[in-house]
Amino acid sequence: MDRNRSSRNKDTDSYLSALSTDQRAALEKLRKLIKSVAPAAQECISYQMPAFRYNGLVLVIYGAARQHLSLFPMGGELIERFAAELADFSTSRGTIRFTPEKPLPAALVRKIVRARMGAIAATARESRARVKASRRKTSKQK
């Protein structure tokens, strides 16, 4: 992948068009899978890579490097939660690495995306509860 070219990409299609055929095919398959699990999510570019936004927050990011592909589930807690199922893949605190020859299992991607959607929904509930509590506190002070 030409890093200079990818840094100018404004959308997912232009990002993917800069990749090798095998990387592009693998990431297109991942993209389609994520869309099927989160049809309400919107595609965007985040950190100069393809991503999905759900309820205003980044759901997942994915991308390509010279030697591997990556899925970023936006935090290490999901990588820890699915550690046993990710044992055959290289991971770091916020990254799951895979290759076109050894893609992430579809069932695992579905679990990760659903878990991330749940985390975003929980964040939204907590935020609404804080706002509600703040409004109650303000109205009692008047």
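Placing dummy labels 7 Å off each Cα toward the beta-carbon, the span from ALA65 to THR21 is 2.6 nm.
In the structure displayed, which of LYS10/LYS102; LYS35/LYS102; LYS35/LYS111 lie more than 19 Å apart, Cα to Cα?
Working: LYS10/LYS102 28 Å; LYS35/LYS102 21 Å; LYS35/LYS111 13 Å.
Beyond 19 Å: LYS10/LYS102; LYS35/LYS102.
If contacts are Cα pairs under 8 angstrom and at least 6 residues apart, what is the relative contact order of the range 29-118 in percent? Mind showing how you got there, number by number?
Working: 125 pairs, mean separation 23.0, N = 90.
Averaging sequence separation for qualifying contacts and normalising by length gives 26 percent for the range 29-118.
Given the Cα-Cα distance of SER46 and SER14 and 0.36 nm per residue of separation, how much length would full extension add, in nm? Numbers along the way, then the final one.
Details: separation 32, 0.36 × 32 = 11.52 nm, distance 1.37 nm.
Roughly 10.1 nm would be gained on extension.
Among residues other than LEU108 with Cβ under 13 Å from its Cβ, the summed charge is +4 (Lys and Arg +1, Asp and Glu -1).
The distance linking the range 9-35 with the range 54-127 is 16 Å (Cα centroid to Cα centroid, whole angstrom). Residues whose amide H comes within less than 5 Å of that of MET74, counting only those at least five positions distant or on another chain, are ILE61 (H built at 1.01 Å from N in the peptide plane). Label sites at LYS29 and LEU108, each approximated as a point 7 angstrom past Cα along Cα to Cβ, lie 1.4 nm apart.
Only the coordinates and a few stated rules stand behind these numbers; no lab work does. The model shown is predicted, which means the values in this text are computed figures rather than measured ones. Counting neighbours? That spans all protein chains shown, and the Cβs are built from the backbone with ideal geometry, glycine included.
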